[in-house]
Amino acid sequence: MSSTRSQASSSYAAFHQRSITQRDAFWAEQAGLIDWQTPPRQICDYSKPPFAKWFVGGTTNLCHNAVDRHLKDRAQQPALIAVSTETGREQVYTFADLHLEVQRMAAALLSLGVTQGDRVLIYMPMIPEAVFAMLACARIGAIHSVVFGGFASGSLATRIDDAEPKVIVSADAGSRGGKVTAYKPLLDEALRQSRHQPASVLLVDRQLAPMPLVPGRDQLWSALREQHLYTPVPVVWVDATHTSYTLYTSGTTGKPKGVQRDTGGYAVALAASMKYIYEGQAGETYFSTSDIGWVVGHSYIVYGPLIAGMATILYEGLPIRGMDGQPDPGIWWRLVEKYKVTRMFSAPTAVRVLKKQDPVYLKRHDLSSLKALYLAGEPLDEPTAQWISDALHVPIIDNYWQTETGWPILSIANGVEKTPGKFGSPGVPMYGYDVKLISESTGEELTGPDQKGVLAIEGPLPPGCMQTVWRDDARFVNTYWKSIPGRLIYSTFDWGVRDQDGYFFILGRTDDVINVAGHRLGTREIEECIASHTNVAEVAVVGVADALKGQVALAFVVARDASGLGEAQARLRFEGELMQVVDRQLGAVARPSRVLLVQLLPKTRSGKLLRRALQAVAEGRDPGDLTTLDDPGALQQVRELLAGKS
Ligand code: ATP
Ligand code: MG
């Protein structure tokens, strides 16, 4: 592996500047971080904006870069560490083992007729076979479409019709907190609902739930694996622009979009991010607590760490339950200690879960291997960041990005230059991203400090970002590039502000901006403010239509300790305190019209607050597509509360 050190690495600003002004030279250097069968002829073809083609003429393979490439130097080192606190299984696969298992899976897929460009839908729990299947697809040039395990039949059916897979890879069941969910009946029901039918369904039997097979269609992985124990499957070299996978966004704001990703640009982007942002060293262990159903799982459980030659931990289970099924809020730290994790990636939501536990669990383990914790997916509030920072004594690095981009837009690139972070800010634009703040009303660029605007990215999007919306170029152009009148620029649909030092702060989604009597307020600003009260565990603020003021803010609050809030009197006092905090920090205009105490907030399966659902319920509207809602009970409680109070 050759890597060219940039002369500009003494200063991150210069590094970033060069990535924009000398784009092709910059990315040509980064291309050296991966293996190519044929080197690219052209670095970026942006002749048909906003469609960007990266590393044109080059041929490579994601699986080769993630697995085969490491056999020379680290065949016997751990590559995949699969830990399930649901089944008590813990398996370590070296790069050599992984190479074998992936070929077995690839041979099984080939035997089922899968060829280059065919889609394979993966509907799996967090088990090693799911990773084998992803890598096997990449190996033979098939396009994978991972659908979050346990999604309801309806959501699965829509995604089956969208991807039209030749094969579906699935399992008998998944398990969460000891509760088994049988996947096979969900899949069978989805296939009854879907227009498209796959030629075969390849099933892993974990013996967790009964799994009747449909003759002629359903195949057992154990049987096919046995047949292909020693079938070598060579890597298929594909064009850099070949689609490696499609993946749906979280559906926080509406109908999920099928993000289509390339091969060469993605491999280079991940290799570069592992070096400059995550600073992963080959031979070390990376632990991302995400799920393979989400983009973080694709980029930073599977491909990123493996491309960097690191071992990656695949974790099935809750953060608060041990291998024996008993409560253990120290389980993640136990794994950090055992596998000498150097880089850990999680979400603020998970940290808030841990924050509710006794801190003694953190102190019980030797965490000296850990060098940094990266958090992404939603705003990282200051109290949560402060708590975990005090507990771990390592840098806490917030990073802001989207399914669409595949890797961070905003973060801190300590691998280029050690830079201090700021609480509440995900940092500065990452190299390759020409980030702008745009005024929503005039479409003009806001260049001054502390001006609020829509976070937008000037094209071309850097390598690794979405190529288009799967089978819907028009939706790609119209949704992402035409929302700002008069110019072709990528909108993140997030609302932000930049301070005088160039650090960005995300204020919320553009849909979440509240307009109270002509004042535009980000819901995030109000939430941050309320969250600073010591008895607030979680809070969601939404704007609700109001005849007088246009909109008013409504705050839904989960108390850290609700035991003293049983009496109406005490609740009123608490609400009053929260209002005062807002008055003091933001002014009376931002004060929520009501504060509602709830036990649970509605979230997507990936832990994102479903504000649009709260807003719809509060306005008495249909909450829309709820396929990714985690616990329907959360919304039901809100409905009852609003009905009872109003
Ligand atoms: P959909 O696009 O289907 O509505 P989604 O936007 O939640 O769903 P993702 O791509 O998983 O789907 O999430 C990206 C979004 O998450 C960002 O646009 C931003 O709103 C939010 N986000 C991610 N990371 C951060 C962060 N570090 N700080 C603040 N917000 C973040
Ligand atoms: Mg989004």
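The values are calculated or read from the model by the stated rules, or taken from the named source; none is laboratory data. Quick caveat: nothing in here was measured; it's all calculated off a predicted structure. Heads up, the Cβs are rebuilt from the backbone with ideal geometry, glycines too, and the neighbour counts pull from every protein chain shown.
At a glance:
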| read-out | value |
| --- | --- |
| Criterion (near ligand 1 (Cβ under 10 Å from one of its atoms) and touching a residue at least 24 places away in the same chain (Cβ under 8 Å)) met by exactly one of Leu392, Leu410 | Leu410 |
| Long-range neighbours under 8 Å by Cβ, at least six apart or interchain, first residue hydroxyl-bearing (Ser, Thr, Tyr) within region 186-205, second at pLDDT 95 or above and assigned to a loop (DSSP other than H, G, I, E, B) | Ser200/Leu112; Ser200/Gly113; Ser200/Lys166; Ser200/Arg217 |
| Any chance Ile489 is closer than 25 Å to Ala372 by Cα and hydrophobic (A, V, I, L, M, F, W, C) | no |
| Among the candidates Leu610, Leu614, Leu626, residue that is within 16 Å of ligand 1 (Cβ to nearest atom), at pLDDT below 90 and over 21 Å from Ser290 (Cβ atoms) | Leu626 |
| Candidate set from region 598-628 (those that are more than 16 Å from ligand 2 (Cβ to nearest atom) and outside any loop (DSSP other than H, G, I, E, B)); member that is surrounded by the fewest Cβ atoms within 10 Å (Cβ to Cβ) | Ala616 |
| When residues of region 487-509 are limited to those that are within 15 Å of ligand 1 (Cβ to nearest atom) and among the hydrophobic types (A, V, I, L, M, F, W, C), the one surrounded by the fewest Cβ atoms within 10 Å (Cβ to Cβ) | Phe493 |
| Search result, residues across region 235-255 that are surrounded by fewer than 19 Cβ atoms within 10 Å (Cβ to Cβ) and either within 16 Å of ligand 2 (Cβ to nearest atom) or under 21 Å from Leu202 (Cα atoms) (or both) | Gly254, Lys255 |
| Unmet requirement for Gln260, which otherwise passes all of (1) within 16 Å of ligand 2 (Cβ to nearest atom); (2) part of a helix (DSSP H, G or I); (3) polar (S, T, N, Q) | (2) |
| Filter pass, Asp499 being under 23 Å from Gln402 (Cβ atoms), of a type in the set (Asp, Glu) and modelled with pLDDT of 90 or more | yes |
| Some residue of region 510-520 being in contact with a Ser or Thr (Cβ under 7 Å, 6 or more places away or on another chain), more than 10 Å from ligand 1 (Cβ to nearest atom) and modelled with pLDDT of 85 or more | no |
| Strands (runs of 3 or more DSSP E) contained in region 1-117 and holding at least 3 residues of a type in the set (Gly, Ala, Ser) and buried (at least 18 other Cβ atoms within 10 Å of the Cβ) | 78-84 |
| Residue check, Ala540 more than 16 Å from ligand 2 (Cβ to nearest atom), part of a strand (DSSP E or B), under 25 Å from Pro623 (Cα atoms) and within 22 Å of the chain's Cα centre (by Cα) | yes |
| 3 or more residues more than 16 Å from ligand 1 (Cβ to nearest atom) and more than 30 Å from Arg612 (Cβ to Cβ): qualifying strands (runs of 3 or more DSSP E) within region 164-257 | 167-171, 200-204, 218-220 |
| Glu528, sole failed condition from (1) under 27 Å from Leu446 (Cα atoms); (2) crowded, with 21+ Cβ neighbours inside 10 Å; (3) outside the structural domain of Gln585 (by TED's automatic domain parsing) | (3) |
| So Ser299, is it under 24 Å from Val416 (Cα atoms) and within 16 Å of ligand 2 (Cβ to nearest atom) | yes |
| Qualifying residue in region 128-142 (condition: touching a residue at least 12 places away in the same chain (Cβ under 8 Å), part of a loop (DSSP other than H, G, I, E, B), under 30 Å from Thr628 (Cα atoms) and touching a Lys or Arg at 6+ places or on another chain (Cβ under 6 Å)) | no |
| Filter result for Val544 (of a type in the set (A, V, I, L, M, F, W, C), buried (at least 19 other Cβ atoms within 10 Å of the Cβ) and in contact (Cβ under 8 Å) with a residue 60 or more places away in the chain) | yes |
| Of all residues in region 364-403 being away from ligand 2 (no atom under 16 Å from the Cβ) and among the aromatic types (Phe, Trp, Tyr), the one that is surrounded by the most Cβ atoms within 10 Å (Cβ to Cβ) | Tyr374 |
| Which listed residue, of Val595, Val589, is part of a helix (DSSP H, G or I) and of a type in the set (Val, Ile, Thr) | Val589 |
| Residue in region 272-295 that is part of a helix (DSSP H, G or I) and within 11 Å of ligand 1 (Cβ to nearest atom) present | yes |
| Residues being more than 16 Å from ligand 1 (Cβ to nearest atom), within 30 Å of Asn515 (Cα to Cα) and among the hydrophobic types (A, V, I, L, M, F, W, C) - total across region 413-451 | 1 |
| Evaluation of Gly406 against (1) surrounded by fewer than 24 Cβ atoms within 10 Å (Cβ to Cβ); (2) within 16 Å of ligand 2 (Cβ to nearest atom); (3) of a type in the set (Gly, Ala, Ser) (one fails), failing number | (1) |
| Pick from region 587-629, criterion touching a residue at least 60 places away in the same chain (Cβ under 8 Å) and among the acidic types (Asp, Glu), ranking: farthest from Ala562 (Cα to Cα) | Asp625 |
| Residue in region 314-334 that is touching a Gly at 6+ places or on another chain (Cβ under 9 Å), among the β-branched types (Val, Ile, Thr) and either closer than 30 Å to Ala537 by Cα or in a loop (DSSP other than H, G, I, E, B) (or both) present | yes |
